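To keep things clear, I will list the structure first and then write my remarks on it.
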Amino acid sequence: MKFRCERDTLAEALATAQRAVASRNGALPVLFDLRITAIADAIELVGSDLEITNRVTVPAAVEQTGVAVLPKILGDVVRKLEAGPVTVEVEGDEAKVSSGVFATTLRLKAVEEYPRILATDGAGAKVDAHLLAGALRQVVKAASKDEMRPPLTGVLVAARPGGTGIRLVATDSYRLALRDLDGVSMLEDGQKVLVAAKGLNEVQRLAGDGEITVVLGEREAVFRTDKAEVTVRLIEADFPNYEQLIPQGYPNRLVVPKEAFREAVERVTVVGQGRDNANVRLQMSTGGGLELSVSAADVGTSTGHLDAKYEGADLTIAFNPQFLLDGIDAVDASEIALETVDHLKPATLRPADGGDFLYLLMPVRTA
Amino acid sequence: MPNGRSGDACETVRVRLIVARCSVEYKGRLAARLAPAVRLLVLKRDGSIAVHSDTKAYKPLNWMSPPCVIEHRERQITATTAKGESLVIELDEVLSDQTFDLGDDPGLDKDGVEAELQELLAARVAALGDDLELIRREYPTDIGPVDLLCRDSSGRTIVVEVKRVGEIAGVEQLLRYCERLERDSRFAPTAGMFVAERIKPQARVFAESRGVRCIEVDIAELRGDIDHLTLF
C-alpha cells in the first residue's frame with residue numbers, strides 16, 4: 001500500500017477516526033489502532049471500539065492499493081509534519097510516513113486481527129443535519145454513563161403516532177430529556193430503537209450544514225454525514241416507561257430569562273464546587289421572585305436573587321446544580337419555565353412559550 | 001498450596017491458572033481472534049475466564065464474565081453465554097495447570113473512606129443529631145486535628161472522631177482531644193462522639209463507660225441514596 005495525501009486533510013481524517021478508537025481497559029489490543037484501506041483514488045480510515053465506528057474517506061493519490069492496521073500514534077505523527085503532501089508507504093511489517101526531509105516508521109499490526117466490521121446497506125432516511133444535531137445536544141446529556149444500567153446509556157428514538165415525526169428521550173434516572181422532531185421520518189410506524197448515547201455525541205460533532213443519512217440496521221444505526229460515517233451500536237434492552245413519569249399538571253410555574261438564570265446558578269454554585277452535597281436551593285414566592293442559595297460545609301454560602309414571574313404556592317426546592325445547569329442549557333429559548341408540584345416531585349424545565357422539548361428533573365431532599 | 005491437576009474437567013470452585021500455548025477465538029457481536037502464543041488463562045470461582053499476555057498489567061486480552069458456561073474438553077476450553085457469545089480457547093501445549101483455594105477474601109481496605117465519611121458528615125451534621133451545628137472540620141489542636149467540631153443546642157462543644165471501623169484506639173484518641181479542648185474556655189464544656197461505619201463491641205463498651213456517644217453511620221446513605229431522589 002502506498003498513497004499520498006495532503007497533511008491537513010489526512011490529519012483531520014485521522015483525528016475523526018481516532019475518536020472512536022478504544023480507550024477503555026480490556027478492549028482487544030487491535031482496537032487501539034486504526035485500519036487504513038487505500039482504494040483507487042481515496043483512502044478509508046476506520047477507528048472502532050465496537051460500540052462506535054468512525055469511517056472517513058478522503059481523496060488521496062494512491063500508487064498501490066492495500067489495507068494496513070497502524071497504531072493511532074499515526075495521527076500525532078502526521079499532525080507534527082510540515083504542511084504539504086504526506087506519503088505513507090507499507091513495506092513488510094512497517095509503514096513509512098514521510099514528508100519532505102522527515103520520515104517515521106511505524107510497526108504494523110496484523111490486519112486479520114482487526115474485527116470484521118460489517119457495512120450496513122440501504123439508502124436510509126435523510127434528516128436535516130442542523131435539526132438533528134440540535135436535538136441531540138438537548139437530549140444526549142441526560143443519558144446515563146453507568147454501564148451497569150445499559151438501557152439508560154442509550155437514547156430512545158421512537159416513531160410518533162401517525163408518522164408525524166420522531167421522539168428522542170434519554171434519562172439517567174435523576175433527569176429525563178425529551179425532544180419531538182416534527183416531520184422527520186426514519187422509523188416505521190410504532191418502531192423504536194435505543195441508540196448508544198456515546199455514539200450520538202460523535203454524530204453531533206460531525207453534523208455539518210447539509211443532511212445526515214440515517215440507516216437503521218438490525219444491530220446498529222449508521223449516520224452518514226458529509227464528513228464521515230458513524231456506526232453506533234443499538235442497545236438491546238427495554239427503555240423505562242418514561243411517559244408515566246411526566247406529571248399531568250403543575251400548580252407552580254416560574255418564568256425566568258434563560259441567560260440570567262444560568263448565570264445566577266453558576267454564580268452561586270462556585271462555593272460548592274467539587275462537593276457532592278452542595279445542592280442549589282431555589283426559593284420561589286409570588287411577588288418575591290427567585291432566591292438562590294448554595295451552602296457548602298466549612299467553605300461558605302452563596303446567595304442571589306433573580307426577578308422572575310411566579311405563580312403558585314411559596315416553595316423551596318433543591319437540585320443538583322450540574323443537572324440544573326444541563327437542563328437550562330438544553331432549553332432552546334430566551335425564557336424558561338420551571339414547573340413544580342412540590343419539593344419532592346419531579347420538576348420540569350421547558351421553553352416558556354411551550355415548544356417541543358422538556359427536561360424533567362428530580363429534586364434532592366434538603367436537610 | 002498448589003494442587004497439580006490435569007485439565008480434564010473444569011474446576012469452578014477454586015481459582016485455576018493455566019499457562020499454555022493457545023489460540024483464542026471470540027464470536028458474538030464481532031469476531032476476534034488471538035493468534036497462537038503462550039498465555040495465562042485464569043478461571044475464577046465466580047465463573048469468569050480471562051486470557052492474559054505478559055503485558056498490560058491486570059488487563060486481559062480477552063475474557064468472559066459470568067454468567068457463562070465453561071466447558072473443558074481435551075484440548076479446548078469453551079465459554080458460552082446465554083446470548084450466544086462464545087470464547088473458544090484451543091490449547092496447543094499446556095505448560096502448567098494448577099488450582100488453588102484462595103479462601104474467603106477479607107476485602108480491600110481503601111484509604112480515603114474515613115476522609116469521605118468526614119466530608120459527608122460535615123455536609124450533613126444533622127445525621128449525627130438534629131441539634132448539631134458544625135463549627136469546623138479538621139480543627140487543629142496541638143495533638144492533631146479533630147475530625148469535626150460541632151455545637152449542640154445546649155451550647156456544648158461536641159468533639160467528633162470519625163473512623164471507618166471503630167476500635168478502642170480511636171476512642172482513646174477522641175478522649176485525648178476532649179481533654180485538650182476542655183482546657184480551652186472557648187470550647188468547654190465538651191462531649192465526645194465516636195462515629196464509624198462499624199464500631200467494635202469492646203470499643204463501644206469503653207466509649208460509653210467514658211460518656212462518649214457512639215453512632216454507626218451508613219456511608220451509602222450519606223453519599224446521597226437518601227438525598228438523591230430518582231424518577232424511577
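Overview of results
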item: Normalised contact order of chain A, rounded percent, pairs of Cα under 8 Å and 6 or more residues apart; result: 12 percent
item: Reduced Cα scattering model of the protein assembly as shown, Debye log10 I(q)/I(0), q = 0.09, 0.10 Å⁻¹; result: -0.99, -1.12
item: Accessible surface of region B:4-100, 1.4 Å probe, proportion on carbon and sulfur as whole %; result: 51 percent
item: Reachable lysines from residue B:200, criterion Cα separation under 26 angstrom, eight or more residues apart if same chain; result: B:110, B:163
item: Coordinate range along principal axes, alpha carbons of region A:125-243, Å, largest first; result: 35, 30, 26
item: Backbone HN-Hα couplings from phi across region A:305-311 [Karplus 6.51/-1.76/1.60, Hz, Gly and Pro as x]; result: 10, 9, 5, 7, 8, 9, 10
item: Area hidden from solvent between B and A (accessible, protein heavy atoms only, 1.4 Å, total, Å²); result: 2700 Å²
item: Degrees, to the nearest 10: B:113-123 long Cα axis against longest axis of chain B; result: 50 degrees
item: Convex hull per residue volume in Å³, alpha carbons only, for region B:4-100; result: 92 Å³
item: Those residues of region A:324-367 for which accessible area with every protein chain present is at least 40 Å² below the isolated value (1.4 Å probe); result: A:362, A:365
item: J(HN,Hα) series, region A:260-268, from Karplus relation 6.51 cos²θ - 1.76 cosθ + 1.60, nearest Hz, glycine and proline x; result: 5, 5, 4, 5, 5, 5, 4, 5, 6
item: Peptide ranges A:36-48, A:143-155 listed from the most packed, as the mean C-beta count within 10 angstrom indicates; result: A:36-48, A:143-155
item: Nonlocal amide H pairs with residue A:217, under 5 Å, H built at 1.01 Å; result: A:222
item: Cα-based helix-to-principal-axis angle, A:129-139 vs chain A, degrees rounded to 10; result: 50 degrees
item: Spatially proximal aspartates and glutamates relative to residue A:345 (Cα-Cα < 17 Å; intrachain offsets below 8 disregarded); result: A:172, A:243, A:314, B:225, B:227
item: Cross-link reach list, lysines versus residue B:44, counting only Cα pairs under 20 Å and skipping chain neighbours closer than eight places; result: B:56, B:59
item: Buried on assembly, region A:84-123 (at least 30 Å² less accessible surface than by itself, 1.4 Å probe); result: A:113, A:116
item: 10 °C / 1.306 mPa s Stokes-Einstein diffusion coefficient of region B:112-231, Kirkwood radius on C-alpha pairs, µm²/s; result: 110 µm²/s
item: Descending semi-axes in Å of region A:248-361, equivalent ellipsoid built from Cα gyration tensor; result: 22, 15, 13
item: Kirkwood-based Rg to Rh ratio, region A:2-113, C-alpha trace; result: 0.94
item: Highest-first arrangement of B:33-40, B:123-130, where packing means the average Cβ count within 10 Å; result: B:123-130, B:33-40
item: Per residue Cα convex hull volume in Å³ - calculated over chain B; result: 191 Å³
item: For region A:40-54 versus region A:222-287, the gap between their alpha-carbon centres in whole angstrom; result: 33 Å
item: Full-stretch length increase - residue A:303, residue A:98 - with 0.36 nm per residue and alpha-carbon distance subtracted; result: 67.9 nm
item: Residues in region A:239-257 that, when all protein chains are in place, have 40 Å² or more less accessible area than the chain alone would give (probe 1.4 Å); result: A:245
item: Heavy-atom accessible area per residue - the protein assembly as shown, 1.4 Å, Å²; result: 49 Å²
item: Within the accessible area of region A:213-314 (1.4 Å probe), percent carbon and sulfur; result: 41 percent
item: Whole-angstrom gap from region A:296-351 to region B:140-212, using each part's C-alpha centre; result: 39 Å
item: Interchain or long-range residues, amide H under 5 Å from residue A:154's placed H; result: A:144, A:197
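The values are calculated or read from the model by the stated rules, or taken from the named source; none is laboratory data. Treat the numbers as computed from the prediction; the structure is a model and nothing was measured. With ideal geometry, Cβ positions are generated from the backbone for all residues, glycine too; neighbour counts draw on all protein chains shown. Side chains are part of the model used for accessible areas, which takes the heavy atoms of the whole protein and leaves out ligands, DNA and RNA. Shrake-Rupley method; radii C 1.70, N 1.55, O 1.52, S 1.80 Å.
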